[in-house]
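Report on one structure; see the data block that follows.
The values are calculated or read from the model by the stated rules, or taken from the named source; none is laboratory data. It should be emphasised that the depicted structure is a prediction, and the values quoted were computed from it without experimental measurement. Every residue, glycine as well, gets a Cβ built from its backbone with ideal geometry; the counts of neighbours run over all protein chains shown.
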Amino acid sequence: MVVSLSTLLADRPVILLDGAMGTELSRRGFELADPLWSAKVLLEAPEAILELHRDYLEAGSDIVSTASYQISEPGFLARGLTRKDARRALASSYEVARAALRQRADSTGDASRAIAVSLGPYGAILADGSEYSGDYDLSHAELVRFHRERFEVAADIGAGLVALETFPTLNEAEAALEALDDFATLSAWLSFVPRAEAVAVEKLVSPRLAALAFNCGAPELTFEAAARAAKTTTLPVFAYPNRGGTWDASTKTWRAVEVVDWGRWVEWARSAGLRGLGGCCETSPETIASLHAALKATRGQPA
């Protein structure tokens, strides 16, 4: 069954998120030079998304994130699709994740994991790297409207948890939370890019906000930002870095480092008092398996 984030946090000292979606699909042979990114594969080959979810669950993930980071009505319209297409795709991403949990239950008897509906910032639909900078000219009201449209779908399909990921500014985070406050059945973790680490996280107040996070930066930068946030908030804090590479928006490729000490990631998370750990771009099910093994070796972490 799908469990809540609070249930996982009550059960484990550190919960394990999943890893990359888009870059892992690319590694598996899919062409993602498209504004829809991983949603392109969701539309054309949903079985590949299902297989990747299963691989992350097998590797030890407590949460699977849907292939919906760049799904939005404006983004689909710009791609020549319709608003209904966007809503159907978001619903489909959740159902594919549920199917992965059902298959896990059939094979292992255990499907007690959470599903997070992955939603990027407005910059994600532009496919130009601006989700890392926030360099787009939208009013507060426009940002609220943009995020509310996707929350409506998430609530309608029965999702309970959304992952607001790679947010570059406090202003957009506040707009998203304002929209989220209208949906009593939803909660969210809100994740910033590490370069937004100066964000005054203590200013983010919402009954729907369940955790804070930092993602998609180099490991050292991501963990440093998360550790600082953990000192200023009572909310759980997560970190899910990329492998340490740099993103080239023109070629839509990552230039990543080759050698990563996953055990060190666990040490950083533990020492900073973080409650969630995972990976972003250029990580894989093998990454999550390595983190899972390191967590199991740490006293007090369930298998």
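Can you tell me which residue in the stretch 117-136 is surrounded by the most Cβ atoms within 10 Å (Cβ to Cβ), limited to those that are over 15 Å from Cys216 (Cβ atoms) and modelled with pLDDT of 95 or more?
It comes out as Val117.
Residues are listed down the side, and each one gets a yes or a no for (1) acidic (Asp, Glu); (2) under 20 Å from Leu17 (Cβ atoms):
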residue	(1), (2)
Val153	no, no
Glu165	yes, yes
Ala175	no, no
Asp182	yes, no
Ser191	no, yes
Pro194	no, yes
Val201	no, yes
Leu212	no, yes
Cys216	no, yes
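The rows are residues; the columns are (1) of a type outside the set (S, T, N, Q); (2) buried (at least 24 other Cβ atoms within 10 Å of the Cβ); (3) in contact with a strand residue (DSSP E or B) (Cβ under 9 Å, 6 or more places away or on another chain).
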residue	(1), (2), (3)
Met21	yes, yes, yes
Ser26	no, no, yes
Gly29	yes, no, no
Ser72	no, yes, yes
Thr82	no, no, no
Arg87	yes, no, no
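Applying the selection to the stretch 43-74, what residues are touching a helix residue (DSSP H, G or I) at 6+ places or on another chain (Cβ under 7 Å) and within 17 Å of Arg150 (Cα to Cα)?
Thr66, Ala67, Ser68, Tyr69, Gln70, Ile71, Ser72, Glu73, Pro74 - these are the residues of the stretch 43-74 that are touching a helix residue (DSSP H, G or I) at 6+ places or on another chain (Cβ under 7 Å) and within 17 Å of Arg150 (Cα to Cα).
Is it the case that the stretch 153-163 has a residue that's part of a strand (DSSP E or B), surrounded by 21 or more Cβ atoms within 10 Å (Cβ to Cβ), in contact with a helix residue (DSSP H, G or I) (Cβ under 7 Å, 6 or more places away or on another chain) and touching a residue at least 12 places away in the same chain (Cβ under 8 Å)?
Taking the stretch 153-163 first, the residues part of a strand (DSSP E or B) are 161-163.
Next cut, surrounded by 21 or more Cβ atoms within 10 Å (Cβ to Cβ) only: 161-163.
Within this subset, residues satisfying the condition of being in contact with a helix residue (DSSP H, G or I) (Cβ under 7 Å, 6 or more places away or on another chain) are 161-162.
In the following step, the residues that additionally are touching a residue at least 12 places away in the same chain (Cβ under 8 Å) were identified as 161-162.
Yes, the conditions are met somewhere in the stretch 153-163.
Could you please find all residues in the stretch 250-276 being among the basic types (Lys, Arg), at pLDDT 90 or above and not in a loop (DSSP other than H, G, I, E, B)? Spell out the reasoning first.
So in the stretch 250-276, the residues among the basic types (Lys, Arg) come out as 252, 255, 264, 270, 275.
If we keep only those that are at pLDDT 90 or above too, we end up with 270, 275.
If the condition is that a residue be among the basic types (Lys, Arg), at pLDDT 90 or above and not in a loop (DSSP other than H, G, I, E, B), then Arg270 is the only one that fits.
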